[in-house]
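These notes are about the structure you will find just below.
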Amino acid sequence: MKTISFGQALNDGLDLAMSMDDSVFIAGEGVGVSIHVDPNMPTHGLLAKYSPVRVKDTPVSEAAIAGLAVGASCMGLRPVVEIMFFPFFTLASDMIVNHAAKLRYLSGGSSSFPLTVRVRAGVSFSAGCQHSHNLEAWATHSPGLKVVFPSTPADAKGLLLSAIFDPDPVVFIEEMGLYWMQGEVPEGDYRIRLGEAQVVRPGKDCTVVSYGSAVFTALEAAKILSEEDVSLEVLDLRSLVPLDKESLLDSVKKTGRLVILHDATKFAGFGAEIAAIVADDAFDLLKAPIKRVAAPDIPVPFSPPLEKFYKPNPEMVVKAVRSIL
Amino acid sequence: MNMKAQGIEKHIRIKMYEKMLLIRKFEEKLVELSGIDGRLPGMQILANGQEAVAVGVIEALETYDVVVSNHRSHGHLLARGADPKHLMAEIMGKATGVNKGKSGTLHMSVPEINVLMTSTVVGAGPPMSVGAAFAQQYRNEKNITVVFFGDGAAAEGSVHEAMNLAALWKLPIIFVCENNCWAGAQGLGQHCSIGDIADRGAAYGIPGEFVDGNDVEDVYYYALQIATRCRNGGGPGLIEAKTYRMRGHGEYDHQHYVDKKELEKWYALDPVKRYGKRLLNHGLMKKTEFETVERNMEKVIIEAVAFADQSPYPLPDEALEDVWAVEEGGQS
Ligand SMILES: Cc1ncc(C[n+]2csc(CCOP(=O)(O)OP(=O)(O)O)c2C)c(N)n1
Ligand SMILES: [Mg+2]
């Protein structure tokens, strides 16, 4: 174990994957020479270590970047490409959604696309709605894509290594606000199986299920409620596709109540899917209606007080929990 | 004297200088404020060194022409006549900002001056401009659309689709590529397969021309010719303005990857200083007049900052407004 930042954990994962397997290469806008000089940036220092042969700075061409990953993976390489901000996923999405996700199926299972698309995400820099827009539900609504969304440095490394060596295309979502967060990270080839949620705080009165940095919002809420003797169980999904249904249902079975929390907008968000699964499969276990805490259905505003208004906070979770106790 | 410039009237030349200086002073203030913690939210993407492109092109336009801008927009907006007070307020996220604090610096649109559809998505301007120019053609207007995009944007497929379609339909649109030698930390040689982006026009049957983007008269002269051709049904034009990003990509970028010699070379070609010197040497402006202009511009900037500072932030739930034409139109 060593204590490093989330960004360094990703860097460690990339470095390890590249050192273990020559077929791994990385590409994207500024993954080699970046305007940032910060060891907490996931691709920091890799150009010097692996040369421009394996660390490819690209033009501002998201379709070509994603296409590069599709074609190279079909040829047996393991591309790890970067989309600088989540909204630019839309420019890459033909290659990812129509090709990476579908070509195995279209080939009757004979072709493989072991690629990873690292997407830098998040809401909180007053960057405005064309830089901040969590689109994970777009990716989860595309059969053939795995979708991973880590919240801690250890998970970031463990899930990234699994994503890179997964035989299928993985959309790996990194929240930039977490890059500087410190945590203990296992050394060496540490992998976490995709599709394993984790109970990050056990409790008995209500489950809050979340992913990414929203998990910390849930933990804050748990702290507040513990002072009122309400015990929250916080479940971090870690991977949205495949989804760990079993852990989700186990937790609901234990607490009988469910609040779903994410930073993306509410309407048709990923939370709706979780609610539907629990309603379908575990209606009998529920002691109260399922509640969702999510961003309002608006683009992310720029002005600091508006952006703050947009982002779900612990008080909203507390309120939602109280409403079903 | 510059041959092309001979025909440019004195009042236009002085106006162009004043506008360039306004843009420079406005952005120097942003540099200053962004160095003070908590003063400016978000990123500051400045057009230092590119003032002549914005001013030269926009001076060649008519009132009802449409301008489509990108992430590096302050110069375009100020040249077009946006009110510095309301721009500054937007940049600070205030309710009195041009977009009520919804946008911030990266995508400011000012429909009153026909700067519509500003986008920070690199390469998004050209396809939308095709639509604007189509509407102008559809209604038999004499107006044209001008879209600014960077050398980096020239690598987006969207830009190529837009050029092909614009040429195919002979749309009244001028593609203005501001080649400032950098796309983020990638120099032109690292992201562009050719040296002159103007040459790309040939692939679409669009005349591509390059201008000295650090010489406002050169920019103005060519822009006016191309705009006239375009206005008279000659189809789209492509101007590559060779210029330079004198500061980092944004204010958080300290240009560690830029050769200092290259910076020095371009600093010597600073378009604002260069033009001031020319006007002085040609006797178009006297030393005292420069001092007056300088003082006036500084006053404008101080007033803009004071206005923005005194303006309130929007109320938090104003975030919910402006998504739909009719507020009941939304979900949940
Ligand atoms: C589609 C898209 N990809 C990436 C970015 C991130 N980004 C912002 S500006 C920029 C460089 C653009 O270079 P250029 O077009 O030359 O414009 P300049 O910044 O030099 O004015 C990049 C990559 C973006 N805004 N949009
Ligand atoms: Mg550029």
* What share of the DSSP beta bridges in the protein assembly as shown is antiparallel, in percent to the nearest 5? -> 20 percent
* Tally of Lys pairs whose C-alpha atoms are under 22 Å apart, taken over segment A:2-185, 8 or more apart or cross-chain -> 6
* Could you tell me the distance between the Cα centroids of segment B:11-78 and segment B:305-319, to the nearest Å? => 22 Å
* Rounded to a whole number, what % of the accessible area of the protein assembly as shown do carbon and sulfur atoms account for, probe 1.4 Å? -> 55 percent
* Any idea of A:Leu325's accessible area? Nearest 10 Å², probe 1.4 Å. -> 90 Å²
* Relative to the longest principal axis of chain A, what angle (0 to 90°, nearest 10) does the C-alpha long axis of helix A:62-74 take? -> 80 degrees
* Asked: When Cβ neighbours within 10 Å are restricted to other protein chains, what is their mean count per residue of peptide B:115-127?
  -> 2
* Structure fact -> With Cα springs under 10 Å, the Gaussian network model of chain A assigns the largest mean-square fluctuation among A:Gly28, A:Gly13, A:Gly203 to A:Gly203
* To do: Provide the buried accessible surface between chains B and A in square angstrom, both chains summed, 1.4 Å probe, rounded to the nearest 100.
  => 2900 Å²
* **Inter-chain Cβ neighbour average for residues A:56-67, partner chain, 10 Å** => 5
* Calculate how steeply helix A:153-164 sits against the longest principal axis of the alpha-carbon atoms of chain A, using the helix alpha-carbon long axis, and give the answer as 0 to 90 degrees to the nearest 10. => 50 degrees
* To do: Could you do me a favour and compute the accessible area per residue for the protein assembly as shown, 1.4 Å probe, result in Å²?
  => 40 Å²
* Asked: Can you give the relative contact order of segment A:1-146 as a percent, counting alpha carbon pairs under 8 Å and 6+ residues apart?
  -> 22 percent
* To do: Return the sequence-ordered ³J(HN,Hα) values of segment B:133-143 in whole Hz as given by the Karplus equation 6.51 cos²θ - 1.76 cosθ + 1.60 applied to θ = phi - 60°, using x for Gly and Pro.
  => 5, 4, 4, 5, 5, 4, 8, 6, 6, 9, 7
* Percent RCO, i.e. relative contact order, over chain A, from Cα pairs under 8 Å lying at least 6 residues apart -> 17 percent
* Structure fact -> Connecting every pair of Cα atoms under 10 Å apart in chain B and solving the GNM, the largest mean-square fluctuation among B:Pro314, B:Pro207, B:Pro127 falls on B:Pro314
* When a/c is below 1.5 the answer is rounded, else prolate if a/b is larger than b/c, else oblate, so apply that to segment A:107-177 with a ≥ b ≥ c taken from the square roots of the Cα gyration tensor eigenvalues. => oblate
* **Protection-proxy order for peptides B:117-125, B:18-26, A:37-45, B:100-108, each taking the mean of Cβ atoms within 10 Å per residue, highest first** => B:100-108, B:117-125, B:18-26, A:37-45
* From phi via Karplus (6.51, -1.76, 1.60), per-residue ³J(HN,Hα) for segment B:210-217 in Hz, x at Gly/Pro -> 10, 10, 6, x, 9, 10, 4, 6
* Using a cut-off of 15 Å between beta-carbons, work out the net charge of the residues near A:Gly183 (Lys and Arg +1, Asp and Glu -1, A:Gly183 not included). => -4
* Using mean Cβ contacts within 10 Å as the protection proxy, how do B:48-55, A:223-230, B:78-85 order, highest first? -> B:48-55, B:78-85, A:223-230
* To the nearest whole number, what is the average tally of beta carbon atoms from other chains within 10 Å of the beta carbons of peptide B:315-322? -> 6
* **Mean-position separation - Cα centroids, segment B:133-150 and segment A:35-86, in angstrom** => 37 Å
* Area accessible to solvent at A:Trp138, 1.4 Å probe radius, in Å² -> 130 Å²
* Pairs B:Lys261/B:Lys299; B:Lys15/B:Lys142; B:Lys25/B:Lys94; A:Lys245/B:Lys102; A:Lys266/B:Lys85; B:Lys100/B:Lys170: which exceed 29 Å Cα-Cα? -> B:Lys261/B:Lys299; A:Lys245/B:Lys102; A:Lys266/B:Lys85; B:Lys100/B:Lys170
* Structure fact -> Unit-weight point scatterers at every alpha-carbon of chain B, Debye formula, q = 0.10, 0.14 1/Å: log10 I(q)/I(0) is -0.58, -1.15
* Vicinal HN-Hα couplings computed from phi for segment A:110-127 (Karplus, 6.51 cos²θ - 1.76 cosθ + 1.60; Hz; Gly/Pro x) -> 8, 10, 10, 10, x, 10, 10, 10, 7, 10, 8, 10, x, 9, 2, 10, 6, 8
* Relative contact order of segment B:29-159: what whole-number percent is it, with Cα pairs under 8 angstrom and at least 6 residues apart? -> 25 percent
* Asked: Given only helices, namely DSSP H runs of n ≥ 4 each adding -39500 (n - 2.57), what is the per-residue ellipticity at 222 nm of the protein assembly as shown, to the nearest 500 deg cm²/dmol?
  -> -12000 deg cm²/dmol
* **Most fluctuating residue given options A:Pro296, A:Pro143, A:Pro305, as computed from a GNM of chain A linking Cα atoms under 10 Å** => A:Pro305
* **For segment B:168-185 and segment A:110-157, distance of Cα centres in Å** => 31 Å
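The values are calculated or read from the model by the stated rules, or taken from the named source; none is laboratory data. This structure is a prediction, so every number in the text was calculated from the model and none was measured. Note that we place each Cβ from the backbone using ideal geometry, even for glycine, and neighbour counts take in every protein chain shown. Ligands, DNA and RNA are excluded from the accessible area calculation, which covers all protein heavy atoms including side chains. Shrake-Rupley method; radii C 1.70, N 1.55, O 1.52, S 1.80 Å.
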